[in-house]
1. Can you name the condition, by its number, that residue 178 falls short on among (1) under 17 Å from the mean Cα position of the chain (by Cα); (2) under 29 Å from residue 214 (Cα atoms)?
2. Is it the case that some residue within the stretch 125-144 is charged (D, E, K, R) and in a helix (DSSP H, G or I)?
3. Across the stretch 16-41, what is the number of residues that are under 16 Å from the mean Cα position of the chain (by Cα) and of a type in the set (Gly, Ala, Ser)?
4. If we scan the stretch 155-162, do we find a residue that is in a loop (DSSP other than H, G, I, E, B), buried (at least 24 other Cβ atoms within 10 Å of the Cβ) and in contact with a Leu (Cβ under 6 Å, 6 or more places away or on another chain)?
5. Starting from the stretch 1-27, keep only residues that are surrounded by 11 or more Cβ atoms within 10 Å (Cβ to Cβ), then list their pairs with residues that are charged (D, E, K, R) whose Cβ atoms are within a distance under 7 Å, requiring at least 6 positions of separation or different chains.
6. Give me the pairs: first residue in the stretch 124-136 and under 20 Å from residue 113 (Cβ atoms), second residue part of a helix (DSSP H, G or I) and hydrophobic (A, V, I, L, M, F, W, C), beta-carbon distance under 7 Å, and six or more apart or on different chains, which are they?
7. Could you list all residues from the stretch 201-232 that are more than 21 Å from residue 154 (Cβ to Cβ), in contact (Cβ under 8 Å) with a residue 12 or more places away in the chain and either in contact with a Phe, Trp or Tyr (Cβ under 6 Å, 6 or more places away or on another chain) or among the small types (Gly, Ala, Ser) (or both)?
8. List the number of the failed condition for residue 236; all other conditions in (1) modelled with pLDDT of 90 or more; (2) surrounded by 15 or more Cβ atoms within 10 Å (Cβ to Cβ) hold.
Amino acid sequence: MRAISIIAGRELAAYFATPVATVFIVIFLVLQGSMTFNLGNFFDRGQADLSPFFTFIPWVFLLLVPAITMRLWAEERRQGTIELLLTLPITQGQAVVGKFLAAWAFCAIALALTFPFIITVNMLGEPDNGVIAAGYLGALLVAGAFLAIGSAASAVTRNQVIAFVLAVALCFVFAVASYPLVTEFLSRNTPILAEVARRIAVLDRYQAFTRGIISARDLVFFATFIGFFLFLNTVLVDQRKTD
C-alpha cells in the first residue's frame with residue numbers, strides 16, 4: 001500500500017503542477033453549471049433537486065475523463081520514462097493502481113467543488129439530501145469506470161490523441177449499451193449479445209444511485225468493472241512497455 005500511495009501522491013501532485021488541473025476543473029464546473037441550471041431548466045421545473053445535474057454528469061465525464069487519462073501511460077511511453085518507472089521497487093500492478101487512484105482523487109476533488117449546487121437547492125427548497133449523496137456516489141463510480149477504461153486505452157499507444165479518441169469511443173459504448181436502439185438491434189441479430197449489453201451498461205447501474213438506491217449488486221458491478229480494466233491495463237503495460 002505504501003508504494004501505491006507514493007505513486008498516487010506523485011501523480012496527483014503532477015496534475016496541479018501544471019495548468020491542466022485548473023483548466024479541467026473550470027471547464028467541468030462551467031459545463032455542469034450551464035447544463036444543470038440552463039439546459040436542465042432548473043428554475044422552470046419548480047423543483048429543488050439536482051436531477052438535471054445527475055442526468056448530464058456522465059456525459060460530461062465521457063468527454064473530460066479521457067482527457068485526464070490520455071497522458072497516464074501514453075506520455076510515459078512517448079518520453080521513454082516508463083522503463084524508469086517500472087525499474088522502481090514496485091510491481092506493475094501497483095503502478096497502475098497508483099496512477100488510477102490519483103486520477104480518481106482528482107475527479108473526486110472536481111466533484112467536491114460542485115458543493116455550491118447543493119447549497120443552492122437547499123436554500124431554494126427542501127431536497128432529499130440522502131438522494132443527492134447517493135447520486136454523488138454514483139457519479140464518482142461512473143468516473144472510476146471511465147477512468148479505468150481510459151487508463152487501459154492510454155496503455156495501448158504512445159499517442160495521446162489516439163488514446164483520447166479510443167477512450168471516448170469505449171466509454172460511449174459502455175454508456176449506451178442498454179439503450180433500446182442498441183438492444184433491439186442486437187436482439188434481432190444475436191439475442192445473447194443484447195443480454196450481455198444490458199448487463200455491462202454503466203449508465204443502467206448509475207440510474208439506481210440517482211434515485212437514492214445503493215445496492216450491493218451495483219457496488220459489486222462497479223468494483224468488478226474497474227478491477228477488470230485495471231487488470232487489462234497491467235497486462236497492456238507489461239506487453240508494450242518496450243515498444
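1. (1)
2. Within the stretch 125-144, not a single residue is charged (D, E, K, R) and in a helix (DSSP H, G or I).
3. Of the residues in the stretch 16-41, 1 are under 16 Å from the mean Cα position of the chain (by Cα) and of a type in the set (Gly, Ala, Ser).
4. The answer is yes; a qualifying residue exists.
5. Close Cβ pairs (under 7 Å, with a partner that is charged (D, E, K, R)) amount to 7/99; 11/99.
6. Hits for this filter: 127/121; 132/118; 134/209; 135/54; 135/209; 136/111.
7. 201, 205, 208, 210, 212
8. It fails just one condition, (1).
The values are calculated or read from the model by the stated rules, or taken from the named source; none is laboratory data. Not measured: the values here are computed from a predicted model. Neighbour counts are summed over all protein chains in view; Cβ atoms, including those assigned to glycine, are modelled from backbone coordinates with ideal geometry.
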